[in-house]
Amino acid sequence: MSIKEQLTADMKEAMKAHEKDRLSVIRSARGAIRQAEIDGGHTELDDAAVIGVLSKEVKMRKDSIEEFQKGGRDDLVQKTQAEIDVLMKYLPAQLSEDEVKALVKEAVEKVGAKTQKDMGKVMGALMPKVKGRADGKMVNQLVRAMLQG
C-alpha cells in the first residue's frame with residue numbers, strides 16, 4: 001500500500017471515529033500532496049516524492065513550534081506537536097544523531113572535504129541519503145561541526 005493510499009484509508013478511519021484533529025492533519029497532508037501533483041503537471045507522486053512533501057509539512061510545523069514557544073503559547077505548541085506526531089507515522093524511521101554523524105563522516109571522506117568551502121559538496125552527497133529521515137537543520141549543524149574540527 002502506498003503512502004497516499006494509507007493516508008486515504010486513515011482519513012476514512014478518522015472520519016468514522018470522529019477524530020477531528022487527526023482528520024484535519026491528514027486532509028492537510030493530502031492537500032499538500034495534491035498541490036505538489038498539480039504544480040508538477042498533474043503527475044502522480046511516488047512514495048519518495050510524497051515523503052518529501054510530508055517532510056516539508058513536518059518542518060513547517062517544527063518551525064511554528066519554535067515561534068509559539070517564543071510567544072509563550074503552550075496550547076499551540078501542544079496542538080502542533082500532536083500534528084507532527086500524526087504526520088511522523090507516514091515518514092520513514094528517523095535517524096539518530098549518532099547515525100547522522102556516521103553518514104556525515106562518510107560523506108566528508110567521500111568528497112575529500114577539508115574546509116567550510118566544501119560544505120556544498122558534502123551536503124550534496126549527504127542529503128539524498130537522509131532525505132525524510134533526518135532534520136536538515138541538524139544535518140547542516142553536524143556538517144559544519146565536522147568541517148571545523
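The values are calculated or read from the model by the stated rules, or taken from the named source; none is laboratory data. Since we're looking at a predicted model, the values are computed, not measured. With ideal geometry, Cβ positions are generated from the backbone for all residues, glycine too; neighbour counts draw on all protein chains shown.
Listing for the model above:
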| item | result |
| --- | --- |
| Only one of A145, A93, A125 that is in contact (Cβ under 8 Å) with a residue 12 or more places away in the chain and loosely packed, with under 14 Cβ neighbours inside 10 Å | A93 |
| Residues of region 96-119 satisfying the condition of being aliphatic (A, V, I, L, M) and farther than 20 Å from D63 by Cβ | A102, L103, V104, A107, V108, V111, A113, M119 |
| Residues within region 17-54 that are surrounded by fewer than 15 Cβ atoms within 10 Å (Cβ to Cβ) and either of a type in the set (A, V, I, L, M, F, W, C) or in contact with a strand residue (DSSP E or B) (Cβ under 6 Å, 6 or more places away or on another chain) (or both), tallied | 3 |
| Some residue of region 82-100 being farther than 25 Å from M1 by Cβ, in a loop (DSSP other than H, G, I, E, B) and within 16 Å of the chain's Cα centre (by Cα) | yes |
| Candidates V111, V100, V104, filtered to the one that is surrounded by 13 or more Cβ atoms within 10 Å (Cβ to Cβ), touching a Lys or Arg at 6+ places or on another chain (Cβ under 8 Å) and among the hydrophobic types (A, V, I, L, M, F, W, C) | V111 |
| Single unsatisfied condition, R133 versus (1) assigned to a loop (DSSP other than H, G, I, E, B); (2) free of Cβ contacts under 8 Å to residues at least 40 places away in the same chain; (3) closer than 16 Å to K56 by Cα | (2) |
| So I33, is it farther than 24 Å from V130 by Cβ, under 19 Å from the mean Cα position of the chain (by Cα) and at pLDDT 90 or above | no |
| Given (1) assigned to a helix (DSSP H, G or I); (2) surrounded by fewer than 17 Cβ atoms within 10 Å (Cβ to Cβ); (3) within 18 Å of the chain's Cα centre (by Cα); (4) not aromatic (F, W, Y), number of the condition K117 does not satisfy | (3) |
| Qualifying positions in region 68-90 - within 15 Å of D135 (Cα to Cα) and in contact (Cβ under 8 Å) with a residue 60 or more places away in the chain | L87 |
| Of residues in region 68-81 being of a type in the set (K, R) and not in a loop (DSSP other than H, G, I, E, B), the one surrounded by the fewest Cβ atoms within 10 Å (Cβ to Cβ) | K70 |
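Residues checked against (1) farther than 22 Å from K137 by Cα; (2) in contact (Cβ under 8 Å) with a residue 12 or more places away in the chain; (3) surrounded by fewer than 15 Cβ atoms within 10 Å (Cβ to Cβ):
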| site | (1), (2), (3) |
| --- | --- |
| K12 | yes, no, yes |
| M15 | yes, no, yes |
| K56 | no, yes, yes |
| E66 | no, no, yes |
